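Rule-based calculations on the coordinates, nothing more; no lab input. What you see is a predicted model; the values in this text were computed from it and never measured. FYI the Cβ positions are ideal-geometry reconstructions off the backbone, even for glycines, and counts take in every protein chain you see.
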């Protein structure tokens, strides 16, 4: 039996673990699910005969080495900063590894050692990053194969709420790690436009947005996502003047979130002394330049809006003007905001989420300019088997299957940008209901 | 002979080294000045018979251990992140240490070991932090000794250009580490006002300023400096509702600097690929939301000003709209900005700098509210023996002398907030021309 070790049994693990267990009989897999909470792991394995659910602390060296050395492949859903602990052991014991996270510098630095160990550490193999790479590379290589010259590449993705369950003024609920949502946009976004660099500092990421019309899926707001320049070389776009990756939200979200950023509530860099004694309203007051008027009026004036407008109503709806104690000790502003949002933006029982991905590629072929649109919409099954968990988890599961079957020749620290990965992965994802619509103009 | 090891022979070392050498005969000191550049060290020691000038790399463990173990006290002018290397060896070899830098977490963590080793690691013993602590604590303790109750404590300091040599539109020139000036205000400023926390995120530090009237020394702009809450306990201000530390600039500076922050030019978090190929103008363009108009017009519109106004003229005067190559490879935006500012804001031969410090303390005594103003102005001697070097260096030199003479009983990681430090230090500083003016209202 081949042994698969899944590290983490949180929000995005449900489909991944179900897929692995569903296929475990046929492929003769033993699936170990390891989480800090053994109960959470057990909830996901449901005592499947080919499963083991264990309580596990990645920082426990002995446990980590024992589990990783016994595995054939490790799928890590750990928080991004912790992957490196598993990755180093994977190199040491010659085990392959798959994650859905951005490859950070520490992971990238393992490339040579991973090649030497004859293993692949496959990163960015979830939704975004993940399915975006698979689908973009398939499209780009098809266009190039036909002789086309890529003029512009734009790619957008968002984890949203299905319209039927969209019942709050933000039109947003959490379907993945809330901390990542709260801390989004804290680095300068970078992209390329008409051959020139474009930089957007954190203070402007949520105000410098564009409106995206994604055909039958509707209209969205897009903010620039991280460093698009990172993908020039992997995507082979060295001669393409426009390259942008964006994140989608419902229209109106970004303006209101920008208010929270401007106010300072997304700040995670300092702990507020005696934070547990602050009410939400006092927290807001501490960031306002003026202490004189009514807090709501002062806030509206500071934000350049009025208490009657939608952007202000979103803030108010969160309860940020309430004299309620959050009770968090040693908390940063971002931690307090996250606690409040987790209450307000909870995906309730029976509610479905939705993910939207949209590529827009302009290219020249036969002397004419073409525009290729490729869009994906996936709706969740329920509040556990979400569209987010499906689109993050299944690519990792399929990639792991391909690697275990010896069908992936690449070694070292890699992204899923090669046809031996993206072709079979996209084929199987299509069978599983993750299917792009294409439109050529 | 007592051996004094001075680490670093840069901008702020001139007075310190001169003081130590001037007093070396009387006190029987041997002064070793160690710098990465042996020449720079020699420039400062000028072959004084009681001096040694050496080329030295703090990261060279053998050299570091050999020098520190041979010294009686170490005065570190290293960049703040490097003090810890010297501090650990000081603990190991039982040597006292003095710095002018903020005590960071790594240094603070040495407290117990330093006490055990019977040494003092005296931080924040320059100008700001430094003379501010000495003078504030002397004033506060005098008021408390008389039975006064402190209602408000505000303290400001700025390193500026003497009015006679103020010949650029920013009214500013570099007199200390340019990098620190460029990266100022990149953390949320924190203070206390009327018993409530006040937080100012980095994006607003240079717009949320106050105008300070410092009596005969003129008017200045003050922006909130770092974390004033850190000084509540050391200053004994647990029951004082208003506590603020601010940094002074000439009026108009902050608004123009705020433009650079908003634009993104102070960003030090990412390296621009092929940065050496960018002109200053292209760098500015990459941060502008609009690419359509003339860059100057687009910049003015983005900043909410016009090309005719002073704030815009300051930006233009720097050359940020010029098609000039800066030539820096692997540079962050902040590194490019710093290079430009080092050319434009250079203190030229014969030009004098000026430092201003100003405390404003409100207190209640005998049923009446009092307001005590205490101000300091120091003008430099020339472009090397600056007011900045004098006020940063002399406190360290005097503190080192007191410690070597066994007159400081405190051990561990400390600030200069005790009378056995501030009384003799302020007395001697007064003799050396660093003298506060007091005014009571």
Item checked: Chain lengthening between residue A:46 and residue A:179 when straightened (0.36 nm per residue, less Cα-Cα) -> 45.1 nm
Margin query: At a 10 Å Cβ-Cβ cut-off, how would you order B:394, A:229, fewest neighbours first?
Written below: A:229, B:394
Next item on the list: Could you work out which residue, out of A:134, A:283, A:352, moves most in a Gaussian network model of chain A, that is, has the largest mean-square fluctuation with Cα springs under 10 Å?
Entry: A:283
Next item on the list: Report the full-extension gain for the segment residue A:365 to residue A:409: residue separation times 0.36 nm, less the Cα-Cα distance, to one decimal in nm.
Entry: 12.6 nm
Item checked: FRET efficiency for residue B:167 and residue B:279, using Cβ-Cβ distance with R0 set to 30 Å, rounded to 0.05 -> 0.70
Note to self: Over chain B, what is the relative contact order in percent, taking alpha-carbon pairs closer than 8 angstrom and at least six residues apart?
What the structure shows: 20 percent
Next item on the list: With viscosity set to 0.890 mPa s and temperature to 25 °C, compute the Stokes-Einstein D of the protein assembly as shown, Rh being the Kirkwood radius across alpha carbon pairs; µm²/s, no decimals.
Entry: 80 µm²/s
Margin query: How far apart, in nanometres, would the label points at residue B:93 and residue B:441 be if each is projected 7 angstrom from Cα along the Cα-to-Cβ direction?
Written below: 5.2 nm
Next item on the list: Name the most mobile residue of A:152, A:374, A:290, meaning the one with the largest mean-square fluctuation, in a Gaussian network model of chain A with Cα contacts below 10 Å.
Entry: A:290
Item checked: Additional length obtainable on full extension of the chain from residue A:144 to residue A:112, 0.36 nm per residue less Cα span -> 8.5 nm
Check: Other chains near A:192-201: what is the mean number of their Cβ atoms within 10 Å of each residue's Cβ?
Finding: 5
Note to self: Please compute, for peptide B:203-210, the average count of beta-carbon atoms on other protein chains lying within 10 Å of each residue's beta-carbon.
What the structure shows: 2
Check: Say a label goes 7 Å from Cα toward Cβ at residue A:365 in every copy; what distances in nm does this one have to the rest, shortest first?
Finding: 8.6
Notebook entry, point to check: Most fluctuating residue of B:427, B:294, B:72 in a GNM of chain B with Cα springs under 10 Å: which is it?
Noted result: B:294
Notebook entry, point to check: Which of B:212, B:7 comes first, and how do the rest follow, when ranked by fewest Cβ neighbours within 10 Å?
Noted result: B:212, B:7
Check: Among B:354, B:388, which comes first, then next, by fewest other beta-carbon atoms within 10 Å?
Finding: B:354, B:388
Check: Helix-derived [θ] at 222 nm for chain A: sum -39500 (n - 2.57) over DSSP H runs of at least 4, divide by residue count, nearest 500?
Finding: -10000 deg cm²/dmol
Next item on the list: Sort all Cα-Cα distances of chain A into consecutive 20 angstrom bins from zero, then give the percent of pairs in each bin up to the one containing the longest distance.
Entry: 24, 55, 20, 1
